[in-house]
Amino acid sequence: MLKFSKKLLYAIEAVVDIAYNAGEEPVQIRDVTSRQGVPQRYLEQVMQRLVKAGILRGIRGPKGGYLLARERSQICVGDVARVVMEMNFDDELQEAEHRVAGPIGQQVIQPLWMEFQQEILQIMDKITVEELTNRAFRQGIPSEAHNRMTYSI
């Protein structure tokens, strides 16, 4: 089930931060947490899942970190949301066991909520990481990738 949780917002923010700041070098998780103020405990789990889902690529070693696994234009916010939804699925199953829903809730309200979720995911699928990095650039947010660029002729 789609929830606009801190975990989801942090995951989107982390992916955009990596896209915006990586350049040719991987971005370390501690750099994301210091730039964005995102607690590291939220990110560690989600970063592993984003790697497994093919959104990020993990680089091991002292200069390791994360890079995008695909082009910015090929990753959408919906991709990240689905990874977080999958992470939360087990928790929600446990919660669902404790809910009491009557026939209206089960046959009318829950299907309606599923329709809402599908519409929201369709909107999220239209927003790419590239679009969000362009927005960050237009807002004048500093980028580590731009700072590391060298120009030679």
(Q) Could you go through the stretch 22-32 and let me know if any residue there is touching a residue at least 60 places away in the same chain (Cβ under 8 Å) and not in a loop (DSSP other than H, G, I, E, B). (A) yes
All conditions in (1) within 21 Å of R82 (Cα to Cα); (2) surrounded by fewer than 19 Cβ atoms within 10 Å (Cβ to Cβ) are true of R60 except (1)
Residue pairs within 6 Å by beta carbon, gap of at least six or interchain, first lying in the stretch 78-107 and farther than 15 Å from A11 by Cβ and at pLDDT below 85, second surrounded by 16 or more Cβ atoms within 10 Å (Cβ to Cβ) and not small (G, A, S), listed first then second, are none
Note on the stretch 36-72: residues under 21 Å from T128 (Cα atoms), assigned to a helix (DSSP H, G or I) and of a type in the set (D, E, K, R) are R49, K52, R72
Going through (1) modelled with pLDDT of 90 or more; (2) under 19 Å from L8 (Cα atoms); (3) surrounded by 17 or more Cβ atoms within 10 Å (Cβ to Cβ) one by one, Q122 fails only at (3)
Yes or no: R72 of a type in the set (D, E, K, R) and surrounded by fewer than 17 Cβ atoms within 10 Å (Cβ to Cβ)? no
Scanning the stretch 25-57 for residues that are among the aliphatic types (A, V, I, L, M) and touching a Leu at 6+ places or on another chain (Cβ under 7 Å), the one nearest to E86 (Cα to Cα) turns out to be L50
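The values are calculated or read from the model by the stated rules, or taken from the named source; none is laboratory data. Values in this document were obtained by computation on a predicted structure and should not be read as measured data. Glycine gets a Cβ as well: all are built from the backbone with ideal geometry, and neighbour counts include every protein chain shown.
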